[in-house]
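The values are calculated or read from the model by the stated rules, or taken from the named source; none is laboratory data. Note that the coordinates shown come from a computational prediction; the quantities given were computed from them, not determined experimentally. A quick note on method: Cβ atoms are made from the backbone with ideal geometry, for glycine too, and the neighbour counts reach across all protein chains shown.
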Amino acid sequence: MTRFDPSGPLHGSLRPPSDKSISHRAALIAAMGEGETVVEGYLDAADTRSTLAAVDALGARVVAGTETRTIAVSKNWTGPLPPVRSDLGLGLRIEGVGLRGARPAPIDVGNAGTLLRLLPGWLAGQEGGHWTLDGDESIRRRPVDRITVPLRRMGANLSCREDRLPPLEIEGTTLHGATYEMPIASAQVKSCLLFAGLLAGGETRVIESLPSRDHTERMLAAAGAPIERVDDAVVVRPVEQLQPDPIVVPADISSAAFFIAAALLVEQSDVVLFEVNVNPTRTGLLTILERMGAAIAVEDEREVGGEPIARLRVRSAPLQATEVGGVEIPLAIDELPLVALAACFAEGTTTIRDAAELRHKESDRIETVTAALRVLGGKVEATPDGMVIEGAGSLRGGAIDSHGDHRIAMLGAVAGLVSEEGVEVRGMDAAAVSYPGFERDLAALLSR
């Protein structure tokens with residue numbers, strides 16, 4: 001058990017760890033490419049190491065070294081600078097195998113759901129190859145039918161346990177393009193189908209009911225793929241090869257989100273976060289919190305490696321309840337647990353709806369978040385597709401279980417800071433999936 005006690009204000013600045021979603025995609029697209037691709041700032045965490053091990057098993061050559069560099073800030077910035085960190089990510093050189101050169105191999109995805117859902121799209125269209133994707137106990141409970149159903153429409157030969165659970169067996173075969181309208185917005189499903197479309201005959205069209213994160217589209221376009229957005233669809237056509245440009249991975253807004261929430265909720269806090277990815281398909285949390293009354297300044301916006309980044313300054317502020325649903329959900333899907341935590345301190349009743357996707361994460365996050373916050377004294381009710389949270393203005397504290405879910409573990413840590421009696425988190429080591437240095441960075445902001 002790891003204990004987090006009520007704290008004084010958070011002060012200071014840091015550069016959060018590199019973006020997990022972009023890191024996964026960077027390794028996969030570099031492995032699909034011709035020649036060597038340089039990746040700067042690759043996240044060094046358990047999930048993203050699984051992706052490096054996977055592309056290595058498929059025949060890509062990966063050379064990694066720890067990256068150290070000075071964080072770029074604008075000339076007019078006079079506030080505190082973040083520390084020069086030795087863990088800004090890995091500097092990688094990846095020698096790709098080409099779109100059709102992956103060698104047959106068993107793939108251990110560990111706990112990486114992104115890898116489990118993206119990789120089959122690339123492998124399914126490589127004739128003559130056989131691959132088995134499997135992982136840990138948690139991954140074996142995560143359904144894959146949302147990718148197997150549309151991939152089979154494209155001609156893929158796939159099989160899995162109970163026709164919906166890993167291990168997933170892939171027999172490479174010839175694919176044909178298809179049009180698929182996604183019933184639930186998912187960047188992972190969309191990316192899987194776009195990868196398959198690179199090898200399929202004809203045009204592949206993925207229709208989104210709501211926009212989801214677009215990192216895959218940006219990176220494929222930069223690598224020379226014939227891809228475009230047409231109204232509410234992403235359209236890709238087959239290509240002989242990819243030639244990725246150097247890839248720069250910005251700081252992850254999903255990791256920054258825990259410090260954003262902590263700074264908002266702990267009185268007199270003032271925190272600056274550098275180089276944060278502010279891609280508009282990822283900033284739903286900022287929109288929601290600002291509507292609740294949050295004081296978040298987005299400064300020094302610029303583009304690095306095809307992605308918009310900015311400096312975020314967050315100060316504590318009183319919050320009001322809100323309604324969250326519809327188009328906002330895919331733009332904030334990983335941060336919704338923190339919205340629920342913030343709602344416990346907001347005046348009024350907050351409703352989160354249209355978020356059934358939360359039930360298919362590392363844990364059933366509707367149930368695990370509801371249970372955790374109720375144990376700590378929050379007034380929260382689960383619904384089939386979300387939660388209803390009555391703002392009580394405080395949390396008593398207590399003990400929660402992370403259920404092996406990195407985001408629940410870090411949620412518990414933030415809850416401890418703003419609780420009356422402190423919070424003990426069982427399974428805090430789950431945070432290493434996306435943020436191995438979380439406790440260290442949190443302590444640094446509390447000590448300044």
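Taking the range 158-214 as the range and being closer than 24 Å to residue 330 by Cβ and of a type in the set (Ser, Thr, Tyr) as the test, the residues that pass are 179, 180, 186, 191, 204, 209, 212. Annotation: of all residues in the range 1-55 being in contact with a strand residue (DSSP E or B) (Cβ under 9 Å, 6 or more places away or on another chain) and β-branched (Val, Ile, Thr), the one that is surrounded by the fewest Cβ atoms within 10 Å (Cβ to Cβ) is 38.
Within the range 358-398, the set of residues being buried (at least 20 other Cβ atoms within 10 Å of the Cβ) and assigned to a helix (DSSP H, G or I) comprises 358, 365, 366, 368, 369, 370, 372, 373. Scanning the range 153-200 for residues that are assigned to a loop (DSSP other than H, G, I, E, B) and of a type in the set (Gly, Ala, Ser) yields 155, 156, 172, 177, 178, 185, 186, 200. Residue 351 falls short of the stated requirement of being part of a helix (DSSP H, G or I) and either buried (at least 24 other Cβ atoms within 10 Å of the Cβ) or not assigned by TED's automatic domain parsing to the domain that holds residue 47 (or both).
Checking every residue in the range 139-152 against the condition of being at pLDDT 95 or above, surrounded by fewer than 17 Cβ atoms within 10 Å (Cβ to Cβ) and part of a strand (DSSP E or B) gives zero matches.
For residue 324, indicate whether it is buried (at least 24 other Cβ atoms within 10 Å of the Cβ) and in the same structural domain as residue 278 (by TED's automatic domain parsing). Considered against the rule, which asks whether it is buried (at least 24 other Cβ atoms within 10 Å of the Cβ) and in the same structural domain as residue 278 (by TED's automatic domain parsing), residue 324 comes out as yes. Scanning the range 329-361 for residues that are touching a Leu at 6+ places or on another chain (Cβ under 9 Å) and among the acidic types (Asp, Glu) turns up 334, 335, 347, 354. For the range 399-413, the criterion of being out of contact with any Cys (no Cβ under 7 Å at 6 or more places or on another chain), part of a helix (DSSP H, G or I) and either surrounded by fewer than 23 Cβ atoms within 10 Å (Cβ to Cβ) or charged (D, E, K, R) (or both) is satisfied by at least one residue. Of the candidates 221, 262, the single residue that is part of a helix (DSSP H, G or I) and touching a residue at least 60 places away in the same chain (Cβ under 8 Å) is 262. Scanning the range 113-158 for residues that are among the hydroxyl-bearing types (Ser, Thr, Tyr) and in contact with a Pro (Cβ under 9 Å, 6 or more places away or on another chain) gives 132, 148.
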